[in-house]
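The values are calculated or read from the model by the stated rules, or taken from the named source; none is laboratory data. Here the structure is a predicted model, which is why all the values come from computation and not from measurement. FYI the Cβ positions are ideal-geometry reconstructions off the backbone, even for glycines, and counts take in every protein chain you see.
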Amino acid sequence: ALRQHTGWKRAWASPEPKARYKVIVVGAGGHGLATAYYLGKNFGITDVAVIEKGWLGGGNTGRNTTIIRSNYLQDPSAALYEKARSLYENLSQDLNYNIMFSPRGLIMLAQTEHEIRGYKRTVYANNLQGVATEWLDPQQLKAKVPIINLDGPRYPVLGGLYQARGGTARHDAVAWGYARACSDMGMHIIQNCEVTGVETEAGQVRAVNTSKGRIGCDKLAIVVAGHSSQLAEMAGFRLPIESVALQALVSEPIKPCMDVVVMANTVHGYMSQSDKGEMVIGGGTDGFNNFTQRGSWQHVEETVRALIETFPMISRLKMLRQWGGIVDMTGDRSPILSTTPVGGIFVNCGWGTGGFKAIPGSGWAMAELVAKGTPGPLAADFGLNRFREGRFIDESVAAGVAH
Ligand SMILES: Cc1cc2nc3c(=O)[nH]c(=O)nc-3n(C[C@H](O)[C@H](O)[C@H](O)COP(=O)(O)OP(=O)(O)OC[C@H]3O[C@@H](n4cnc5c(N)ncnc54)[C@H](O)[C@@H]3O)c2cc1C
Ligand SMILES: CSCC(=O)[O-]
């Protein structure tokens, strides 16, 4: 009655699966949903199912600290992350869904002489790549972050790498916006449907087996982040990925005190303030492989201890909650957008601790790879074969805190 009276409709349909689709995307996180969206928008491919074992956005996409930036070092990275950041600028209009993109500015603190050299190098590289970043001296930095303590006894603030158009977005809304747009194109988003096996024949994908039965497909995109190794194993190949927990926490909400994002990579902590007033704090990954999605007490201590010298005000805050997500780490801290040893199977993973910022660019590039069967310029350098050929795209510095 409400729907008839108000014209109100569900944000996205929740159909039972058909017998087969042209393309199946496994994983309804941001990357999977964006891949489906740009398959429809850029290539007119809408006979697509996005299969999700839990609820859409319930993985890392709904668990991250929402930092968006493109201040990476290598040319292929800068191209991909800046494509993503530029798509974020108008994504609310594109999806007709307010994803609350907030280009509030992002600073990576230099707290050692090495970081001064490293970040200035990044600024020079970014300026050659068309990515707008700049170096701030301590006084310029203090003007943007009044609560910061520049004179910490162990790690004084010596300056910072600043990206004015870096910032944050509402992570749930990114997933919801893409999901609604996919559903409006007639795609099927099938939640609570776990992929339990992959059928191949003569080296070509044929179907996936799921908790809702067998579903046939011509092409299969594996986009499951921390679970990528398991899906690959179902299809008969391996990935150079390690899955570890990355944790974060938020404080009790307080009055506005910080309107930029600050990352302190030497001490392994980063912080921003959410629109609700919480201080959103993240740190390094667990030092061992695991698939937990919970927070652990020692990380709260390690991360807050790391930040407290630079932000003394957090010593008086209470923690509201903490959580974790399972991130998929590659050896060079760069993603994998690639064909695989099985015909018709493609993989998009390895975003590790920094894939939220890449979602629109990743979906754009992955849709081109799946539609054409070969990578376009954005994905060309991120194939699986780079590990065999030793063509690493080392972003261990740009990846941020201990990751
Ligand atoms: C605590 C934390 C903080 C972070 N902070 C940032 C940040 O500030 N900025 C940034 O850029 N990045 C950040 N990241 C990283 C970012 O969240 C991820 O890289 C990104 O969200 C990955 O998106 P995805 O769509 O690939 O994966 P996910 O969102 O995890 O989606 C994968 C989906 O696949 C589903 N799936 C898995 N196995 C199966 C199966 N067998 N069958 C069906 N479905 C399956 C899962 O349920 C999941 O929903 C952070 C991550 C964490 C955990
Ligand atoms: C989790 S670190 C956030 C980032 O990569 O900007």
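Only a single item in (1) away from ligand 1 (no atom under 16 Å from the Cβ); (2) closer than 16 Å to SER228 by Cα is not met by PRO375, and it is number (2). In the stretch 344-353, how many are surrounded by fewer than 24 Cβ atoms within 10 Å (Cβ to Cβ) and within 10 Å of the chain's Cα centre (by Cα)? Residues flagged as surrounded by fewer than 24 Cβ atoms within 10 Å (Cβ to Cβ) and within 10 Å of the chain's Cα centre (by Cα) within the stretch 344-353 amount to 0.
For GLN93, the conditions (1) in a helix (DSSP H, G or I); (2) more than 13 Å from ligand 2 (Cβ to nearest atom); (3) in contact (Cβ under 8 Å) with a residue 40 or more places away in the chain are fulfilled apart from (3).
Applying the condition of being small (Gly, Ala, Ser) and surrounded by fewer than 19 Cβ atoms within 10 Å (Cβ to Cβ) to the stretch 64-94 and asking which residue is nearest to ligand 1 (Cβ to nearest atom) yields SER86.
Restricting VAL327, VAL280, VAL304, VAL267 to those that are part of a loop (DSSP other than H, G, I, E, B) and under 28 Å from PRO253 (Cβ atoms) reduces the list to VAL267.
For the stretch 315-324, the criterion of being assigned to a helix (DSSP H, G or I), under 30 Å from HIS268 (Cα atoms) and without any contact (Cβ under 8 Å) to a residue 12 or more places away in the chain is met by at least one residue. Has the stretch 273-284 got at least one residue that is within 25 Å of PRO76 (Cα to Cα), surrounded by fewer than 23 Cβ atoms within 10 Å (Cβ to Cβ) and touching a residue at least 12 places away in the same chain (Cβ under 8 Å)? Yes, the stretch 273-284 contains at least one residue that is within 25 Å of PRO76 (Cα to Cα), surrounded by fewer than 23 Cβ atoms within 10 Å (Cβ to Cβ) and touching a residue at least 12 places away in the same chain (Cβ under 8 Å). Taking every residue in the stretch 20-39 that is part of a helix (DSSP H, G or I) and pairing it with any residue that is modelled with pLDDT of 95 or more and within 16 Å of ligand 2 (Cβ to nearest atom), at least 6 positions away or on another chain, the pairs with Cβ-Cβ distances below 6 Å are GLY30/THR61; GLY30/VAL174; GLY30/ILE359; HIS31/ILE359; HIS31/SER362; ALA34/ILE359; ALA34/PRO360. Residues in the stretch 44-63 that are within 15 Å of ligand 2 (Cβ to nearest atom) and either crowded, with 24+ Cβ neighbours inside 10 Å or free of Cβ contacts under 8 Å to residues at least 60 places away in the same chain (or both): GLY59, ASN60, THR61. Quick check on the stretch 277-288. Is at least one of its residues within 11 Å of ligand 1 (Cβ to nearest atom), within 15 Å of ILE24 (Cβ to Cβ) and not aromatic (Phe, Trp, Tyr)? Scanning the stretch 277-288 turns up no residue that is within 11 Å of ligand 1 (Cβ to nearest atom), within 15 Å of ILE24 (Cβ to Cβ) and not aromatic (Phe, Trp, Tyr). Only one of the numbered conditions (1) of a type outside the set (Lys, Arg); (2) crowded, with 22+ Cβ neighbours inside 10 Å; (3) within 16 Å of ligand 2 (Cβ to nearest atom) is not met by VAL250, and that is (2).
If you scan the stretch 299-335, which residues turn out to be within 15 Å of ligand 2 (Cβ to nearest atom) and either farther than 18 Å from LEU246 by Cβ or among the small types (Gly, Ala, Ser) (or both)? Once the filter is applied, which keeps residues that are within 15 Å of ligand 2 (Cβ to nearest atom) and either farther than 18 Å from LEU246 by Cβ or among the small types (Gly, Ala, Ser) (or both), the stretch 299-335 yields ALA306, GLY324, GLY325, SER334. Pairing residues of the stretch 353-374 that are closer than 24 Å to TRP176 by Cβ with residues that are within 15 Å of ligand 1 (Cβ to nearest atom) and of a type in the set (Asp, Glu), at Cβ distances under 9 Å and at least 6 apart in sequence or on separate chains, gives GLY354/GLU395; GLY355/ASP328; GLY361/GLU82.
Restricting LEU73, LEU56, LEU80 to those that are out of contact with any Pro (no Cβ under 7 Å at 6 or more places or on another chain) and outside any loop (DSSP other than H, G, I, E, B) reduces the list to LEU80.
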